[in-house]
Structures are given as structure tokens and as C-alpha cells.
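Quick note: the coordinates plus some simple rules give every number you see, no bench work behind them. Everything numeric in this text was worked out from a predicted model, so none of it was measured. Ideal geometry is used to build each Cβ from the backbone, glycine not excepted, and the neighbour counts take in all protein chains shown.
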Amino acid sequence: MRNDLSIVLCGQAGQGIQTVEYLLTRIFKLAGYNVFATKEYMSRIRGGTNSTEIRISSGFVRASVSRIDILIPLNQGAVQHVEKRISPQTIILVDKETITDDFDQTRHKFIDVPFTKTASEIGNKIYSNVVAVGTIAGLFGIGLQTASEYVKQFFSAKSDDVVQKNLAAAKEGFNLGAGLVNSSKIKFDIRNDADVKNQILLSGTEAVALGAIAGGCNFISAYPMSPSTGVLVFLARQAKDFGIIAEQAEDEIAAMNMAIGAWYAGARAMVTTSGGGFALMTEGLSLAGMLESPIVIHLAQRPGPATGLPTRTEQADLELALYAGHGEFPRIILTPGNIEDAFYLTQKAFNLADRYQIPVFILTDQYFMDSYYNTACLDLSDINIEKHIIKTDVDYKRYKLTANGISPRGIPGFGEGLVVVDSDEHDEAGHITEDLDLRVEMVDKRLKKLELLKDETIPPELSGPDDYKNLVVCWGSTYNIVREAVKNLGRDDIAFLHFRQVYPLPNETSIYLQKAQRTIIVENNATSQFAKLIKLHTGIDIKEKILKYNGLSFYVEELTEKLNDLLN
Amino acid sequence: MDTQIFDMANIDIAWCPGCGNFPILKILKQAVAELGIEPINLVLVSGIGQAAKIPHYFKTNVFNGLHGRALPPATAIKAANPALTVIAESGDGDMYGEGGNHFLHTIRRNPDITNIVHNNMVYGLTKGQASPTSQKGFKTPVQVNGVFLEPFNPLAVAIALDASFVARCFAGDAEQTKEIIKNAIKHKGYALVDIFQPCVSFNKLNTYQWFKENTYYLEDHDPLDRQRAFEKAIQTDELPLGIFYINPEKPSFEENIGTYQEKQTPLYRREPDLQKLCNLVDKFKILI
């Protein structure tokens, strides 16, 4: 009996997988199970084959596994789509009435469940998704009442008839599931966890967006682009309640320039985009560098070059974020590894951007955006929205040369001074200049801030024994996958080091790396961009690399196996 | 208000002697002075080019951004603090060429800003290439056989998009130009003021004399008549000047976004409601 299960729903876009996923994850959460979900999907609105993975467990569960314990195929070809992930132990709950693939009964374990027939008997085969939800609930012995109440709440905006039929579907499904357990065809032992009840179920997208609100974000301008759009959507929905201006710009160029204009006039602005859109923003990024404008950039990575794989994941835009923009100017790149990080780092990004008057990146990816799990409720008691705007006096100079390079930032209309900013090289007052000595002073002033940033980096997190011999290095979204894989290894000589800030590279980096006899880096890209960055800044060359760039994130087992192969 | 309040001390102006930018600078100072707009409450936003240098000769708040990109920050500045008077000003290459997409969509967005375009039908700062408004047949170092692209017609485009204020004037006529600019600034919503301006260095075709001979002021024209305005905008044998079109009904961007429905407080004076955020976070506990 397993106490950690992976359930995969697989079907066409538009078939209702999202609804089943949504209902199941919430019902599991309500029932007190630890739950994790992620999805992989095609760049289309209807058809194709997409899959959603839901993991439930007695303990923490925060990463994607390849293994499928229960598969619910919803269309022809669904089983084939996830073929590589199916084992003889996989239980395939299939409605043979609708899915007539020629299954190999000798290789796979099929259980015929009449989702469609049951739904039709209730009134319409449209209810088959809720029958499936009920069946899963029944398999796990989740109280019918819990499932029903949530289904009722979910459909509460619909007519009473629809609500009643969905409740009937949930109940019939529940009986089907319970029947499978009673006939001993399936048995699980997942215990619920008392802590789960007060925890929150949050996705990467939601965490970034909530972090932005907590950072005082009141202006977002963006152009829709997967997988970054969710942040814009979330903030647009909250715009009224939180006084946020959420504008869909005509292109990413406008989005970036708007956000910089908004900061100039005293707003706290962000943009959200992906690689191709960010490429258009790089001109504006350079403007932020020259104007010394704060700006928060959420860059959700997907595989490139060009349009690449629009709905898939990759960590290949680190170098883009690092080197984007002509000219030399400081920046910060933060790379959340878990949901809490995404919230707190995005919150902090606004303060850092304002304090140092620089671009701050939140670098995520599709896997991170689309994954969610239960986690401790966010603590807002220490949230501090730092505002670094000053009231100007008559003699105010926007670019006053100061010892640390930071000139107090005024905004137009607040105080007696004038605020002049210029994309040309400028004097202290902000006006255009070709005084080449002043040019040097201004370059030095801007770059001085980099020294301040280096003293305030977020240190990497070491997990495992302090006297490690082997060290696994990772950054960003791979955190929970590496964590589980390293735990699976069960060795006492291995630790892993996760970076939630990759630039400026934290000062502790060399110390951690020098202590290791062997270092292995794990990255979701083809050229190991972070290893290159580490080498550039520390001289340490990490030669052992585990890289993946097929558009999917690592599965825990896959990474466990690759680490094992290297270490044994 | 005395226009001297906008004068900068000891500046080295980068324009050629006789440039049409000089009268525009003077006219703009007069217009804002006559409207009583304080320098601290005015923001001049520009892009890149000779015209785009105008804010550096103007004592006020300045956002001199990137080539072609004056309109997006101007929109955002106004949205972040509607109490400011925002003027986005640049040349024809900047606004209609490099910034063409922003021009289209800013009109659709209708922020309460004034968009002044110095239209000299040539690129000055890069030394004499064709601009989007260069006339057919105009020879340049790049368009060696003469321009064959259809000239961009900003007024017709703006009227087609139902811009809320569309006007054209001539830098050689200070009095009329000043009045048109004053009307544009007072207008609530996006206001386009395209100003014909001779380039004495690179455009030997469209000179002061040429503009005088080829333009006339609209008379007995009803700016609320969009079709007539469009008809006038596409006239090319002689070029009309004046206020072509006004749509006084359109809500501005700042009105549409709803941020200022309840209170006028600019964004910099607002604090997020953390209690509301706590409540929002709690919803993710998924309780029945």
C-alpha cells in the first residue's frame, strides 16, 4: 500500500481536465491530504493531448514524478501520450464505452469504469467529469459529504438543476470508487495531515501576483504571453480591490516603457512576460538602467529560441536576463524555488528596485507558474513596503552625485523641485550632456550601486549535512525536485545548494563549492548557463552537469537515477 | 504667468539657426504660461531626435525617454498622477515611424495628454533621410530616386481611430498655433497637434515659403463633424490647418480604469490594504 500517489488525468484541451483537476485538488485539500499538481499542455485551445498530474501524500509533496499510480484517460490516444510513464502497477481507470483504443491487457492493468454511462443516466454525459471526481473521492474514502459540499460550492452560480445533477454525478461516482475498494481491486493508505487544513493551496502564478500586491504594486502593464499571463490576469481581477492599474499594452515595448513612466510618477510598477516578449523589453530595460528607474520584471521562461515551445518549460533565459540591455548598469536576478519564495521575493523585489533604483528580475518558468501545492499560510506580519521617494526642494537634482551612487529619488508634483530624467547621458540635474568627464562620473555612480548589491545578496540555501562530500547545485524552479531526488538517494555524504538569487552571485558561493569534493549542477537548459555564471564570478568550473531541455521539467525519479549514476 | 518661468539659464541649444523648433519652443512656453500651468505640475515627455530635445530647453519636469517611446510613459505618468499636465512631444520620425504602434494605440486608449508632433517631413538628427511624412519624389541620401512610399497621414489615421482631438498648425504662425495648443491642453482626452515645421538644413522642398503657399486655415468648419474632418484630413493639394476634429464625449483612460472613481489621490500617496490582502490569502485555504 502506498502512502504517496500520483494520479494523472489525460485528455484533449477543452474536455474538462481543468475542472476535474480543480475539483480534485481542492477536495483533497479539504479532506486534509497533502496535494501537489502540475500540468503539461499543448499550445492549442481545443484538441491535442494534455495531462495533469496530481500527487497526494501523507507528508509534504511538492515535485513532479514520472510514475503514474492512477491514470484516467479521457480521450483516444491518452494512454499512448503518457505511455513512457506507465508501469505494470499503474491502474488505468478507463471508460471503455468512450475510449475504444485497442489496449494491451497483458501489459497494463485496466479497470473499466462507466463514467459516461453513469453520467448519461443522470441526464447528460457532460457530467462524466464530475462522476470521475466522485470516483476518485470514493477510492480514497474521502467523505462523500466533503466532496459534495465542494462540488455544490463550485457550481453555485449555476441553476439548481445543474447543481443537483452534479451532486448526483459526484454521488454515483463516489459509489463506483467505493465499490472498487470494497471489491479489493484497489487499496491505498494515505493518511490525512492535520496541518493541511490551515494551509493554503497556491500556484507559482498566484504567489508571484500576491507578492506583487504585498510589495505595493499598483501598476502592471503587460502583453499576454504564456506562461507569464496569469500574473496580469490575477492583478487585473484584484485591480479594483487594491487600486491597481492593470493595462494590456499594445506590445511589450509599450508595456516596459509604461512601467518606467509609472515609476517616474510615483507608482510601483511591474511587467510580466516571457522570453520573446522580454526581448522586446530590452530596449526599455536599458532605459531603466540609464534613468536609474526602479522596475520589477517577472520573466516566466519557456523554451526558445523564437517562439520555441510556447506552453513548455525551460531555464534558458538566465543569460538573457543577465545580459539584456545595451550599456552597463546594475541589476538583480531573483529565482524563487518554492511557492513561499515566489511570494516573499516578489514582495522584496519592489523594495530592492525602489531602494537601489534598478531593474529587479523575478525569473520563473512554466513548470513553476503552473504548479501548486499546499503550504503554510503566508505571514504578512513582517511585510514592509519601503518607499524611497523624497519630497523635493527647489534645488533638487535627480542625479546628485553621492558617496554610494544612490541619488534621492523625487517624483514630479511632490515638492518644489523639478524632476528631469533623460535617456541621454546627463548631468546631475538630468539634462543632456556630452561632458566626457561627467560621463565617467555618471557611469561610476551607476555601477557603484553594484557594490552595494553584492553586500546584500540572498545567500543560497544548503540542505543536507554540513560535512558533505558531494554537492548538488541548482537554482529557481528545480528546488523541490532536487530536494526529493537527493532525499531518495539516502546518502549521508550529499547536500544540495539552491540559489534563490543568482545575480549578483552571493558571496558565500565559493565557500560552499570549495568544500565539496564533487559538485554536480542541475539545470533545465542545454548549456548550463548558471555554471557559466558561477565560473565567471568564482573561477570554479563545475564539470558534472545534469541538463534537461526537452520542454519538460525534471521528474524526481529521473533526477534520482541520474544522480545515482554519477555518484556510483 | 510670465513665460520666463520656463526659461533655462545658460543653455547651449543644439538646433540649427533658423530651425522651426525655435518658434515652437517659444509658442509652447507662452501657451502653458497663459494657461497658468506651474512648471512643477507640468511634465514634458519626449523621445529622440532634434524635436525631442525640446524638454532640455524648458524648465519643467522632463521625461526624455527612448526613440519612438514617448507615448507609453506619458500615458503611465498621467495615469499614476492625473493632477499633472502631460505633454508628449517629438518629431514625425519618432512619433509616426519608430513609435507608430504606440501612436495608434494611445489614440485608442485616450489618456488625457497632449501629443505635439514637430512635422518637418524629414529626419534631421540622422542627417536628411526620408521620414514617414516625406512627400513622394523627395530625394535624400538614402531615397536616391525620390521617396515612393505613400506619406503617412497622421490626421486621417487619428480621425479614423476617433481620436478625441485632432489639429494641425504651422510653426510660422505663432498666434494661431499657440491657441490651438492651448485648446489641445485644455481638452480632456488625447489631443494630437501636428505642427508643420521647416527643416532649414535637410528639407529644401518644404520651406517656410512652401508651407505658407500650400496651407490654409479651416473656416466654417464644425470640428464635431467627423466625416467632414476626415475629408479635410485627406486633402493634399492644399493642406488645411486648424482644429479638424473633437470628440468631447469620450471618457479618458484615467476615467476608464476606475482607479480614480472614488478618490483622486495619486498612486504615490496610496498604501495597499494589507488587511484585504490577508483576507485574499485566506481564500486560498479553500474552506467550505
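For the set B:K178/B:K212; A:K29/A:K348; B:K26/B:K178, the pairs lying more than 21 angstrom apart at their alpha carbons are A:K29/A:K348.
Look at the stretch A:421-432: the mean tally of other chain Cβ atoms within 10 Å of its residues' Cβ atoms is 5. Taking Cα atoms only, the orientation of helix B:274-283 departs from the longest principal axis of chain B by about 70 degrees.
Each part reduced to its alpha carbon centroid, segment A:331-366 and segment B:19-88 end up 33 Å apart.
Segment B:199-245 and segment A:448-483 have Cα centres spaced 65 Å apart.
Backbone amide hydrogens, once placed in the peptide plane, bring B:L239 within less than 5 Å of B:T215, B:Y216, excluding anything fewer than 5 places away on its chain. Modelled this way, with points 7 Å down the Cα-to-C-beta line, the labels at A:D160 and A:N3 are 4.6 nm from one another. Across segment A:313-326, coupling constants 3J(HN,Hα) worked out from phi with the 6.51/-1.76/1.60 Karplus curve, θ = phi - 60°, read 10, 6, 10, 9, 10, 5, 5, 4, 5, 5, 10, 4, x, 6 Hz, and Gly and Pro carry x.
Connecting C-alpha atoms closer than 10 Å in a GNM of chain B, tell me which of B:P198, B:P151, B:P240 has the biggest fluctuation. Looking only at B:P198, B:P151, B:P240, the biggest GNM fluctuation is shown by B:P151. Ignoring aspartates and glutamates fewer than eight residues from A:K548 along the same chain, the ones with Cα atoms less than 19 angstrom from its Cα are A:E40, A:E314, A:D317, A:E319, A:D365, A:D370, A:E484, A:E523, A:E557, A:E558, A:E561, A:D565. Taking every DSSP helix (H) stretch of at least 4 residues in the protein assembly as shown, weighting each as -39,500 (n - 2.57) and dividing the sum by the residue count yields a mean residue ellipticity at 222 nm of -10500 deg cm²/dmol.
Proximity of backbone amide H atoms, modeled 1.01 Å from N, is registered between A:V421 and B:V62, B:F63, B:N64 at under 5 Å, excluding neighbours fewer than 5 places apart on the same chain. Reported to the nearest whole Å, the Cα centre-to-centre distance from segment A:107-146 to segment A:23-84 is 16. What are the residues whose amide H is under 5 Å from the amide H of A:R409, where those residues sit 5 or more places off or on another chain and H is modelled from the backbone? Sorted by chain and number, the residues that satisfy this are A:I390.
For the protein assembly as shown, the alpha-carbon radius of gyration amounts to 1.08 times the rule-of-thumb value 2.2 N^0.38 Å expected for a compact globular protein.
If you take the beta carbon distance between A:C377 and A:D437 as r and set R0 to 51 Å, what does 1/(1 + (r/R0)^6) give as a FRET efficiency, to the nearest 0.05?
The formula returns an efficiency of 0.40 here.
Rounded to whole numbers, the Karplus 3J(HN,Hα) couplings from phi for segment A:70-79 are 10, 10, 10, x, 10, 8, 4, x, 5, 5 Hz, using 6.51 cos²θ - 1.76 cosθ + 1.60 with θ = phi - 60°, and x at Gly and Pro.
Within a straight-line Cα-Cα reach of under 16 Å, B:K29 can be paired with the following aspartates and glutamates, leaving aside sequence neighbours fewer than 8 residues apart in one chain: B:D2, B:D7, B:E38, B:E89, B:D173, B:E175, B:E179. For segment B:17-63, what does the alpha-carbon gyration tensor say about shape, rounded, prolate or oblate, given a ≥ b ≥ c as the root eigenvalues, a/c under 1.5 as rounded, and a/b over b/c as prolate? The shape class here is oblate. Taking chain B as a Gaussian network of alpha-carbon nodes connected by springs under 10 Å, the highest mean-square fluctuation of the residues B:V86, B:V144, B:V157 belongs to B:V144. Among residues other than B:K283 whose Cβ falls under 14 Å from its Cβ, what is the net charge (Lys/Arg +1, Asp/Glu -1)? For residues surrounding B:K283, the net value is +2.
What's the exposure ranking of A:R55, A:R44, A:R446, A:R491, going from fewest to most Cβ atoms within 10 Å?
A:R44, A:R491, A:R446, A:R55
Per-residue Karplus couplings for segment A:489-503, computed as 6.51 cos²θ - 1.76 cosθ + 1.60 with θ equal to phi - 60°, are listed in order as 5, x, 9, 9, 10, 10, 10, 10, 10, 10, 9, 9, 10, 9, 8 Hz, Gly and Pro entered as x. Would you please give the FRET efficiency between A:D444 and A:S510, computed as 1/(1 + (r/R0)^6) with r the Cβ-Cβ distance and R0 = 22 Å, to the nearest 0.05? Efficiency, rounded to the nearest 0.05: 0.25. For segment B:196-276, applying the loop criterion from DSSP together with a ceiling of 12 other beta carbons within 10 Å to the GluC sites (Glu not before Pro) yields B:E219, B:E238, B:E249, B:E262.
Placing dummy labels 7 Å off each Cα toward the beta-carbon, the span from A:N124 to B:T3 is 7.1 nm. Principal-axis analysis of the Cα atoms of chain A puts helix A:529-538 at an angle of about 40° to the longest axis.
Placing R0 at 60 angstrom, the Cβ-Cβ distance between B:K204 and A:N404 gives a FRET efficiency of 0.70 after rounding to 0.05. Between B:I234, B:I11, B:I185, the residue with the greatest mean-square fluctuation in the GNM of chain B (Cα pairs under 10 Å linked by springs) is B:I11.
Starting from the Cα of A:K445, draw a straight line to each of the lysines and keep only those under 21 Å, dropping any in the same chain fewer than 8 residues away. Those lysines meeting the cut-off are A:K397, A:K400, A:K454.
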